[in-house]
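One structure is given below, encoded as structure tokens.
The values are calculated or read from the model by the stated rules, or taken from the named source; none is laboratory data. Source: prediction; values computed, not measured. Cβ atoms come from the backbone with ideal geometry, glycine included; neighbour counts cover every protein chain shown. Only protein heavy atoms, including side chains, enter the accessible area calculation; ligands, DNA and RNA are left aside. Shrake-Rupley method; radii C 1.70, N 1.55, O 1.52, S 1.80 Å.
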Amino acid sequence: MPSSFAGVTLDLPQVMGIVNVTPDSFSDGGRYLGVEAAIAHARDLVAQGAAIIDVGGESTRPGAAAVSPEEEIARTVPVVRALAEEGICVSIDTRHAAVMRAAVEAGAAIINDISALEGDPDSLGVAAGSGASVVLMHMRGQPADMQAAPQYRDAPREVHDYLAARLEACLAAGIPEEKLCVDPGIGFGKTVEHNVQLLAALDELHSLGVPVLLGVSRKSFIGALSRQEPPDRRVGGSLAAALAGLDRGVKILRVHDVAETVQAVAVWHAIKISQSKRTFTS
Ligand code: 9MG
């Protein structure tokens, strides 16, 4: 298993901070202020301990308006360029090959694709030619319809087999294994029960031989398992799921609440180290 990804060491689990450059984040100032606010927010997340910043310009929530690749580029590329120039490891969250190309040219080191490079026929070639590292995420269906009664015989097995096939496709296209990472895609075409099954079986993904990234932050399954809290009141559940992921070998956590997650990882890691040193004789 590689001990780093896109130049980020994975000896200790790392935190990827989420930065959205979408109209909800523009307030009433238009795109320019949205870009400035995103850059400031990203700097803040790095100061809180994020090792990677994931920049996205398209909302994948069901019902969200479609965005053209041109608009996605206009939103994300200035943010990617500004952060990369400051030496920050930047990931571009996109399903579109043109956005991948523009973002990597602007300095993005990672392509984070919720469609595992299947959403655009040019993605595999662009990713392979770009030299960037890639996060391959599992999704059943498309964001607009993915929550309409998703069905699996065995969700962990099917997600594993899908990611194995996508890794094969990437290797065949010339992307080296050390540039690849997988993600079960919690909440993307899964019921609450599927999400819990996937979290319980995360260790089964390690046979794929690449790092596992997990995104559970503020997702709706947390409210469904608890008291239907709104997203900004799901930090406790996000941390519980993230720590369950770390116990099953997850290396990167994609999160909104960076400071809280960095603190949880530090405590989890100290306990882990202490456990590895202890010998008990009865
Ligand atoms: C963009 N995006 C939203 N949720 C995500 C998740 O769980 N994983 C990854 N890789 N990207 C996500």
- Springs between alpha-carbon atoms under 10 Å, Gaussian network over the chain: tell me which of Asp113, Asp257, Asp247 tops the mean-square fluctuations. Asp247
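Of all trypsin sites (Lys or Arg not before Pro) in region 190-250, which ones are in loop regions per DSSP and have a Cβ with at most 11 other Cβ atoms within 10 Å?
Working: sites: Lys190, Arg218, Lys219, Arg227, Arg233, Arg234, Arg248; in loops: Lys190, Arg218, Lys219, Arg227, Arg234, Arg248.
When the trypsin sites (Lys or Arg not before Pro) of region 190-250 are filtered for loop state and at most 11 Cβ neighbours within 10 Å, Arg227 remain.
Over the chain, calculate the relative contact order: mean separation of alpha carbon pairs under 8 Å at least 6 apart, over the residue count, as a percent.
Details: 509 pairs, mean separation 52.2, N = 282.
Relative contact order of the chain: 19 percent.
What does the C-alpha gyration tensor say about the overall shape of region 1-124? Classify as rounded when a/c is under 1.5, otherwise prolate if a/b is larger than b/c, or oblate.
Numbers: a/c = 1.74, a/b = 1.18, b/c = 1.48.
Oblate is the answer for region 1-124, as a/c is 1.5 or above yet b/c matches or exceeds a/b.
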- Message: Excluding same-chain pairs closer than 8 in sequence, count the lysine pairs in the chain whose Cα atoms lie under 29 Å apart.
- Response: 10
- Query: GNM, the chain, Cα, under 10 Å: largest mean-square fluctuation among Gly129, Gly57, Gly34?
  - Reply: Gly129
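Can you tell me the dipole magnitude for the chain around its Cα centre, using point charges on the Cβ only (Lys, Arg +1; Asp, Glu -1), in Debye to the nearest 20?
800 debye
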- Query: Is the shape of the chain rounded, prolate or oblate, going by the alpha carbon gyration tensor and its root eigenvalues a ≥ b ≥ c, with a/c under 1.5 for rounded and a/b larger than b/c for prolate?
  - Reply: rounded
- In nm, spacing of pseudo-spin labels at Ser274 and Glu229 (7 Å Cα→C-beta vector): 2.5 nm
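Can you give the calculated 222 nm mean residue ellipticity of the chain, where each DSSP H run of n ≥ 4 adds -39,500 (n - 2.57) and the sum is split over every residue, rounded to the nearest 500 deg cm²/dmol? Before the final figure, lay out the partial values.
Details: 9 runs with 119 residues, N = 282.
Helix contribution divided over all residues of the chain: -13500 deg cm²/dmol.
Restricting to DSSP loop positions (anything but H, G, I, E, B) with no more than 12 other Cβ atoms inside 10 Å of their own Cβ, which trypsin sites (Lys or Arg not before Pro) remain in region 91-173? It would help to have the intermediate numbers written out before the result.
Working: sites: Arg95, Arg101, Arg140, Arg153, Arg157, Arg166; in loops: Arg95, Arg140, Arg153.
Of the trypsin sites (Lys or Arg not before Pro), the ones in loops of region 91-173 whose Cβ has at most 12 other Cβ atoms within 10 Å are Arg153.
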- Cα-based shape type of region 205-256, given that a ≥ b ≥ c are square roots of the gyration tensor eigenvalues and the cut on a/c is 1.5: prolate
- Query: Using the alpha-carbon atoms, what tilt in degrees (0 to 90, nearest 10) does helix 30-47 show relative to the longest principal axis of the chain?
  - Reply: 30 degrees
- Task: Nearest 5 is fine: what % of DSSP beta bridges in the chain come out antiparallel, could you say?
- Result: 5 percent
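Please list Ser68, Ser133 in order of solvent-accessible area, largest first, computed with a 1.4 Å probe with all protein chains present.
On the way: Ser68 50, Ser133 5 Å².
Result of the area sort, largest leading: Ser68, Ser133.
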